[in-house]
Amino acid sequence: MESISSRILEVTPSLTLAVTNQTKAMLAKGEEVYGLAGGEPEVDTPEHIKAAAILAIQQGKTKYTPAAGIPELREALAAKLIADNDLAYDAKQICVTNGAKMACFNAILAVVEEGDEVIIPTPYWVSYPEMVRLAGGKPVLVETKESNGWKMTAEQFEAAMTPATKMVILNSPSNPTGAIYTEKELREIGEVALSEDIVILSDEIYEKLVYGENKHVSIASLSDDLYNLTITVNGFSKAYSMTGWRLGYTAAPKALAEAIDKIQSHTVSNATTFAQYGGLAALQGDQTFISDLRDEYDVKRQFVLARLRAINNIRVVEPKGAFYFFVYTGQLGLKSMNLTDKLLSRYKVAAVPGIAFGYDEGIRLSYCTTLDVLNEGLTRFEQFCREH
């Protein structure tokens, strides 16, 4: 149709959601599928969080809230940010959103104008470039290397900058690679951003899923100058297994926070009211759910790493966080879409093609599933690799 916006025509659908939906459709038909494509914890939301939302509904907390969220939740998030991240935000600088995805999009809309460039390291989370395009901006992709743990260097960042560069997006821990930027690496990247006042969008949704001796560092905590250039994004989906609740947030310098609040007031009005009370319970309740989840995923991470490293014709970098492996499959001689199609149709294993993340010689495997599914799925993937 000629009436469809040119911006929409440039945007591609989410391949991660497409694979997930295809897997669910096959399972609904009774087909045997081993899903290694998912991006959500397999365990249920903790009971006390569900109970808080149910109570909120029963108490009539079903009306509009302020666009940026209920005051109690914003205060609790401010307390969380100072305690966990050494970030001092007033509650007014925080906007509660319909998921961290909406938080990212609000942040991009608040900063990016027509023709502005946004630097994005690849492999990237599937939605970053499309969000930039929807805002009228231009994604500038910086290809990272296995040898550097799939992380963009300050030198690469500086080389990619032009007078049109407005923002850089960092995702640590990373989806799809599990890479974590060290404090030193963040300081070096921060120095480059400061040299030209490039806004940093720091997506920290996987901050609680960090393994071994690795540490999560919020780039905005490293100096006052970086604080004033950074929009920090986070949410409840991964740490509290609340993917369907659609609850995220931004924390930003005052002027950017006001701009994000304004955007939200004219788009979704507010995040779902009773979900916000669930989020409040998540922050104020027992946190052992997170540590238990992290320990469970670490066991699975090590199991998958050993299995993948035993396959001769692929390569893998050990992920330090999140719950994914990004597997180099270039030696198999198949482009990622072709590979994942064959893997699903012939071996009944669902994975996400690397092209979804801007890298066509790899696939993403998720280990946020049961050990039984992981074991059989990896056995079938190993067979696939032997036969190709």
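In the chain, taking the dipole from charged Cβ atoms about the Cα centre, the farthest positive-side position among Thr20, Thr272, Ala160 is held by Thr20.
The string of couplings for segment 55-64 from the Karplus curve (6.51, -1.76, 1.60, θ = phi - 60°) is 4, 4, 5, 5, 8, x, 7, 10, 9, 4 Hz, one whole number per residue in order, with x for Gly and Pro.
For segment 297-388, applying the loop criterion from DSSP together with a ceiling of 12 other beta carbons within 10 Å to the GluC sites (Glu not before Pro) yields Glu387.
Over segment 96-221, accessible surface divided per residue gives 35 Å², non-protein components excluded, 1.4 Å probe.
Distance from the alpha carbon centroid of segment 17-79 to that of segment 294-327 works out to 26 angstrom.
Only aspartates and glutamates eight or more places from Lys92 in sequence, or on another chain, were considered; those with a Cα closer than 13 Å are Glu72, Glu75, Glu258, Asp261.
Search the structure for amide H atoms under 5 Å from the amide H of Leu87, placed 1.01 Å from N in the peptide plane, and list their residues when 5 or more places away or on another chain. For Leu87, the qualifying residues are Ile82.
Restricting attention to the chain, close to 45% of DSSP beta bridges with both partner residues there are antiparallel.
Per-atom-type breakdown for the chain gives carbon and sulfur 51% of the accessible area (1.4 Å probe, protein chains only).
Amide H contacts of Asp116: Lys138, each under 5 Å away and 5 or more positions distant or on a separate chain (H built 1.01 Å from N in the peptide plane; Pro and chain starts excluded).
Shown in residue order for segment 118-134 are the 3J(HN,Hα) couplings computed by the Karplus curve 6.51 cos²θ - 1.76 cosθ + 1.60 at θ = phi - 60°: 10, 7, 10, x, 10, x, 10, 5, 3, 8, 4, x, 5, 4, 4, 5, 4 Hz (x for Gly and Pro). Rounded to the nearest 0.05, the FRET efficiency derived from the C-beta distance between Ile54 and Glu387 at R0 = 51 Å is 0.50.
For Cα Rg over 2.2 N^0.38 Å, the listed values are (i) 0.97; (ii) 1.05; (iii) 1.16; which was obtained by calculation from the structure presented? Answer label, from the structure shown: (i).
Given their separation in residues at 0.36 nm each and the Cα-Cα distance between them, Asp286 and Val11 gain 94.9 nm when the chain is fully extended. Backbone geometry of segment 259-272 corresponds, through the Karplus equation with coefficients 6.51, -1.76 and 1.60 at θ = phi - 60°, to 3J(HN,Hα) couplings of 5, 5, 4, 4, 4, 4, 5, 9, 10, 9, 6, 6, 5, 3 Hz, x marking Gly and Pro. For Val142, nonlocal amide neighbours, meaning residues 5 or more places apart or on other chains whose placed amide H falls under 5 Å from its own, are Ile120, Thr122. Multiplying the residue separation of Glu191 and Ser345 by 0.36 nm and subtracting their alpha-carbon distance yields 50.7 nm.
The values are calculated or read from the model by the stated rules, or taken from the named source; none is laboratory data. Here the structure is a predicted model, which is why all the values come from computation and not from measurement. Every residue, glycine among them, receives a Cβ derived from its backbone with ideal geometry; neighbour counts consider all protein chains shown. Side chains included, ligands, DNA and RNA excluded: accessible areas come from the protein's heavy atoms. Shrake-Rupley method; radii C 1.70, N 1.55, O 1.52, S 1.80 Å.
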